[in-house]
Every structure is written in structure tokens, then in C-alpha cells.
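Please read the structure below before turning to the comments.
The values are calculated or read from the model by the stated rules, or taken from the named source; none is laboratory data. If you're wondering where the values come from, they're calculated on a predicted model, not measured in any experiment. Cβ placement follows ideal geometry from the backbone for every residue including glycine, while neighbour counts extend to all protein chains displayed. Accessible surface areas use protein heavy atoms only, side chains included; no ligands, DNA or RNA. Shrake-Rupley method; radii C 1.70, N 1.55, O 1.52, S 1.80 Å.
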Amino acid sequence: MSFAYVEKGRKGEMGLVGVQENGNREMDVSLGGKNKYKRVDPEFTEKLDDASNGQDRSSITRKYVLACAIFASLNSVLLGYGVMSGAIIFIQEDLNITEVQEEVLVGCLSIVSLFGSLAGGRTSDAIGRKWTMGLAAIVFQTGAAIMTLAPSFQVLMIGRFLAGIGIGFGVMIAPVYIAEISPTVARGSFTSFPEIFINLGILLGYVSNYAFANLPVHTGWRVMLAVGIMPSIFIAVALFIIPESPRWLVMQDRVEEARSVLLKTNENEREVEERLEEIQKAAGNTNGDKYEEKAVWRELLSPSPALRRMLLTGFGIQCFQQITGIDATVYYSPEIFQGAGIQDNSKLLAATVAVGISKTAFILVAIFLIDKLGRKPLLYLSTIGMTICLFSLGVTLTLLGGQVGVALSILFVCANVAFFSVGIGPICWVLTTEIFPLRLRAQATALGAVGNRVCSGLIAMSFLSVSRAISVGGTFVIFSAISALSVVFVYALVPETKGKSLEQIEQLFQNEHRWQGGEVELGDVEQLVQKE
């Protein structure tokens, strides 16, 4: 006798069915624990066959969503491409730029990208999530080409400006697209992919610095910048493969197309109609409401209590991700290691490669744990670990020297970026795309991205000046104090969203007590029901 679980009702109530084959190869079943059997019709046996093939469907669905997440995340390689931290050494020598110009060149990318992020929210609602990613790649590629050929600092800034606009588009739309296309059970992992590709971009930049460091000064930094154009080529191909977001399709009243996408991205076909109904209600389509741009901005500027809580959480976590100094650590790692005592350029670039490897390796830890442990435990681990590392780095740079100081500085920088990658790095974007209602999601996420980019730019553009004033060690002690505040922020204002659909998370913020925590997790309830 073999056994299989089948559904009794829409909500997934389970009953045990025994299947027995008689001598004439006819199948009978027993319900519950009874010993009597009755013949099953062919339609039921087809359902059992479908159940036995469920694992195959699950595997196909996962691979499909995985491919979509990877393609959508390619723009993030451009954001992370950390080549400027090493290229700036050669740009200084070739173009004779000043320290202030260096700060502007490095930091302006984040400031300029906020304009792309602001425009990205409205653009993605108008032309779709997918084609906004394509627009981001085109704008960035144009900027990268101009930088590669720049004969002067002024032309270099024009290319940097365009690259920043393209990055601004990409940084806000990729997490939104992935969150909207991913199944609930794996949304956290898939939405973390952009952060993985940011880290891959950082590592690619460091490796590019190291690989081309021995080229002539006039040529080397141009080749380093030109390598960043390559991901855009793959993005162009990806646009003809990945589907549009089903939630955006519903907002455009293209319900049948949305159903088709949901059938490809959900493991259980029975859940598709239920999910589609939830999305339609969230979009207001079931009541015949039309989406209006002005109404969205009016609601964002005069938010309800629930939306105010969403904005506070989303904007706050985006700002804390940057004001703890991660971009300063990445962009200026050569200067940090110079302050610790490393003088040789090759050794400086090799140390930055170690930073890139640490940042990339530990993002994989977050991918495996984010949908198992939840968002909040990883945020605690991340913010507390960063606080300790930043404070230790500040003390080391201030009090220690020699080989011990160098070794400890490299260790604490690598540990800091590792803790960042385990938690607040990817989860910042996951939370921002999860917590907002469908019709506000793109533009509210864009506002969060603006906060992220402004903070990143301010930190990057002021790091050298502040370090000159109070020392590099003192600057990192300040970062550690800010990181300690982020621990308090996570405790007080960040809810756990693991195991909930995007529409259920919207309801979570309607109740202030549930928003602050303490509710039973949906995933835990489902597991208990199945065990019973």
C-alpha cells in the first residue's frame, strides 16, 4: 500500500488517502484510517499522478524564477562595479585632479543616482518593470563609454553623471521586479539577488584594478572603466527572455497575461487564482478603480498611519544601510589600508580584493538563511557585528601600527563588510519591496532608494575631509555609534515579514501592535497544520 496527501478544500486541509492496486490493475483508496476501499475514477488517478510530479514542477518553477532573478539583477553589477576605488589612483596621476575633485568624482555617483531612482518609480509604472531595467542599462552604458574615452575631468564627470542616472533606475527597479515575480516562500532569497550582484560588481572592480594595474597610466584606468560595459550587453538579451511583473500587468488590466506569468512562477496551480484575486484587490481593479499618478503622490505626501509606518521603516532602513559607512569602506579601502601602513600599490589592491571576496562570499550566507531564520534575526546579527567591527577598526587605526595594525585593519574591514552582507545589505532592499502596497510600491521604493543614494553620496563625498579633520580612526568610531543606533531601529521599527505574501504584509501594517512584532508567523502555522 502507498500513501499520498491530497487536498480536501481550498485552504489546504489535508486528509490521508491510501491507494491500493488490485489484481486487475484497478486502484482503490481508503479515507482516514478505514479498512474499506472504493474504486477511484480516472480523473482522481490523474490528480495523484500530478502530485507525484509535484517535485518536478517545483524544480522547474524554481529554476524559472531563479533565471528571472539573475537576469533582473545584472544591473546591480553596474552599481557595485567598484573599479573607481582603484582607478582613481591612476586618474589622479593622468588627469592631475585634486583631492576635492576625487571626492566629487567618487561620491557624485550616489547623489546623481537619486534622480534616476526618483524617475524610475514613475517610469516603471508607465512602461513596466522589465523595460525600465532596459532603459537603465542603455543610460549606464552610454555614461560608461563616455568615461572610458574622457580626455579631461569635465568630460569624465559627464559620463559619471549619466552612469549615475542609469544606476538610479536599476537600483530601485530590480528588487521591485523580483519581489513581485517571486513565490512567497522564496521571496527573501530571490530579492537578495541584486545585493549578490552588487557584491560581484565590487569584486569584479577590484579584480579589474589588480589585473590592469600594470598597464600604462593613460590606458589602465580606461580599460578598468570599459569592463563595466559588459553586463549591459547581457541585460539587452535578458529583456527578451524574462516576463513582465504579474502585479504590474494587473495594474494595466492585463489579467490574462498576469495569470500566465503566475502559472510559470507558482509551484501550485491551485494557488494561482487565489493569488491573482489578492493582487486584483490590492490594485483596486476588483472595484473598477483606476490607477492615478497624482493620487499616489498625494497619498505619499499625506500618508495614513499605516503608510506612515511603512515609510518610516522603509526609508529608515535604507538610510541606516549607508550612514554606517559601507560605501566609504568599499570606495576608500586603499586609503584606509594606507593609513594602516600599507604603501605599495599592488599590496593595496590585493587587500581590496580580499575585501571584495569577503563581501561577496557572505551574501551567499544571507541567501540561504533569509527565508529560514527570517529578516529580523539576520538584521540583529548584522548590525551588532558591524558595530563591534567598526569600533574595533577605529581603535586599531588610532592606537596600533606596524604589522599588527595592518593585519587587524584588514581583518576588521573584511569582517565589517561580511556582517553587512549577511544582514542589512540585502535585507534593506528585501524589506523595502515587501512592505508597500502594490499601487504605491514602485514610487515608495524609489523614495527609499533616494534616501539610500543621498546618504551614500554624503558619506562618500565627505569621508576624506572628515578623516583629515578627526583622523580615519575617529571617523570609524563615529560610524560604530551610528551602527549601534541601527540596532535600536531594527528592534523598535522593523517587523518580521518572513512567510507572508506581499498582500498580507500590507495588512500587517494596518495593525500597530502586529507591526511591532509578536504575531505568530504564517509559515509556522502552516507547518503545524501539516504536522497535525
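If I go through region 192-226 residue by residue, how many of them are within 23 Å of the chain's Cα centre (by Cα) and open to solvent by less than 30 Å² (accessible area, probe 1.4 Å)?
Count: 12.
What number of residues in region 328-372 are touching a Lys or Arg at 6+ places or on another chain (Cβ under 9 Å), more than 11 Å from I410 (Cα to Cα) and not acidic (D, E)?
The total comes to 3.
Search region 465-477 for residues that are in a helix (DSSP H, G or I) and pair each with any residue that is open to solvent by less than 40 Å² (accessible area, probe 1.4 Å) and acidic (D, E) when their beta-carbon atoms are under 8 Å apart and the residues are at least 6 apart or on different chains.
If the second residue must be open to solvent by less than 40 Å² (accessible area, probe 1.4 Å) and acidic (D, E), the pairs left are S465/E103.
Between G451, G425, which is under 25 Å from E299 (Cα atoms), touching a residue at least 24 places away in the same chain (Cβ under 8 Å) and not polar (S, T, N, Q)? Outline the logic, then answer.
Numbers: G425 fails: under 25 Å from E299 (Cα atoms).
Only one candidate passes the filter, namely G451.
Yes or no: G402 crowded, with 22+ Cβ neighbours inside 10 Å and either at positive phi or in contact (Cβ under 8 Å) with a residue 40 or more places away in the chain (or both)? Let's see the steps before the verdict.
Numbers: crowded, with 22+ Cβ neighbours inside 10 Å: no; either at positive phi or in contact (Cβ under 8 Å) with a residue 40 or more places away in the chain (or both): yes.
So G402 does not fit the description; no.
For region 294-318, give me each residue that is at pLDDT 85 or above, of a type in the set (A, V, I, L, M, F, W, C) and open to solvent by 20 Å² or more (accessible area, probe 1.4 Å).
L311, L312, F315 - these are the residues of region 294-318 that are at pLDDT 85 or above, of a type in the set (A, V, I, L, M, F, W, C) and open to solvent by 20 Å² or more (accessible area, probe 1.4 Å).
Check region 122-130 and report whether any residue there is free of Cβ contacts under 8 Å to residues at least 12 places away in the same chain and either in contact with a strand residue (DSSP E or B) (Cβ under 6 Å, 6 or more places away or on another chain) or buried (at least 17 other Cβ atoms within 10 Å of the Cβ) (or both). Talk me through it step by step, then tell me what you get.
As a first pass, look at region 122-130 and keep what is free of Cβ contacts under 8 Å to residues at least 12 places away in the same chain: 126-127.
From what's left, either in contact with a strand residue (DSSP E or B) (Cβ under 6 Å, 6 or more places away or on another chain) or buried (at least 17 other Cβ atoms within 10 Å of the Cβ) (or both): none.
No - not one qualifying residue is present in region 122-130.
For I178, all conditions in the list (1) crowded, with 19+ Cβ neighbours inside 10 Å; (2) aliphatic (A, V, I, L, M); (3) not in a helix (DSSP H, G or I) hold save one; what is the number of the exception?
(3) is the only condition that I178 fails.
Open to solvent by 40 Å² or more (accessible area, probe 1.4 Å), closer than 17 Å to E195 by Cβ and not in a helix (DSSP H, G or I) - does that describe any residue in region 338-348?
Checking region 338-348: not a single residue is open to solvent by 40 Å² or more (accessible area, probe 1.4 Å), closer than 17 Å to E195 by Cβ and not in a helix (DSSP H, G or I).
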